[in-house]
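Rule-based calculations on the coordinates, nothing more; no lab input. Remember, it's a predicted structure, so these values are computed and weren't measured experimentally. So basically every Cβ, Gly included, is an ideal-geometry build from the backbone, and we count neighbours across all protein chains shown.
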Amino acid sequence: MDAIDLFDRACKEFDSRVAVVQPDQWSHFTPCSEWDVRALVNHVTVENLWVPPLLQGSTIEEVGDRFDGDQLGDDPQAAARRAVDAATEAASALESVDTAVHISSGDVPAHEYLMQVGADNLVHAWDLAIAVGGDTVLDGELVEAVTEWFGGAAEESYRAGGAIAERPSVADDADPQTRLLAMYGRTA
């Protein structure tokens, strides 16, 4: 699966979970202990808002604090959907997945950046579903592709940087989704 397709589908996985959040669920706890549902959705929305300017060549400094704080406003679902739409449109407009993207850790090819943000959309789709009692079954092809990309160096780098918790143990016969979630420090 190419990075643009993965990114598009992962964003839609997240958006489909946001679409079913009920008004009384925005303050529910999530598996991300520091975030309730609204904060989790804001986090992913902000990540998606960064995608268009970064794919178009902007630096972190040029974007500045434009996306700091609450980006959800009075209609979190619409704000999240607008961010997904803008991000997926920017990804599909890329001339090359090898285009350099200037992120905080240095320049990376666009395909790597899209994998990073796509994976975050996918895993946080599960977090959100857990928090609101939604559909926790993720797209199997996406699970497989993210597992392949994230395994090894990426997982260790994320963990060393404090972005994910320690990997919990899973049964030898655990399904692929359970294994991926464990890689991201989650217990399914």
Checklist entry - Can you tell me the Rg and Dmax of the range 119-178, counting just the alpha carbons, in angstroms? => result 12.2, 33
Checklist entry - Once you put a point 7 Å from the Cα of ASP75 and another 7 Å from the Cα of SER157, both along the Cβ direction, what distance in nm separates them? => result 3.8
Item to check | the range 61-168: GluC sites (Glu not before Pro) in DSSP coil with no more than 10 other Cβ atoms inside 10 Å | outcome: GLU95, GLU166
Checklist entry - Which trypsin sites (Lys or Arg not before Pro) from the range 51-94 combine a DSSP loop assignment with at most 16 other Cβ atoms within 10 Å? => result ARG66
Checklist entry - About its Cα centre, how strong a charge dipole does the range 49-93 have in debye, to the nearest 20, once Lys and Arg get +1 and Asp and Glu get -1 at the Cβ? => result 200
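Can you check how the C-alpha radius of gyration of the chain compares to 2.2 N^0.38 Å, as a plain ratio? Could you put the intermediate results ahead of the total?
Working: Rg = 15.8 Å, N = 188, 2.2 N^0.38 = 16.1 Å.
Here the answer is 0.98, to two decimals.
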Checklist outcome for this item: What helix-only [θ] at 222 nm does the chain give? Using -39500 (n - 2.57) per DSSP H run of at least 4, over all residues, to the nearest 500, the answer is -18000 deg cm²/dmol
Item to check | Cα-centre dipole for the chain with unit charges at Cβ (Lys and Arg positive, Asp and Glu negative), debye to 20 | outcome: 340
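Quick one: if the Förster radius is 35 Å, what FRET efficiency do ALA19 and ARG66 give, using the C-beta to C-beta distance and rounding to 0.05? Display every interim value, and only then the final one.
Numbers: r = 25 Å, r/R0 = 0.73.
So, using R0 = 35 Å, E works out to roughly 0.85.
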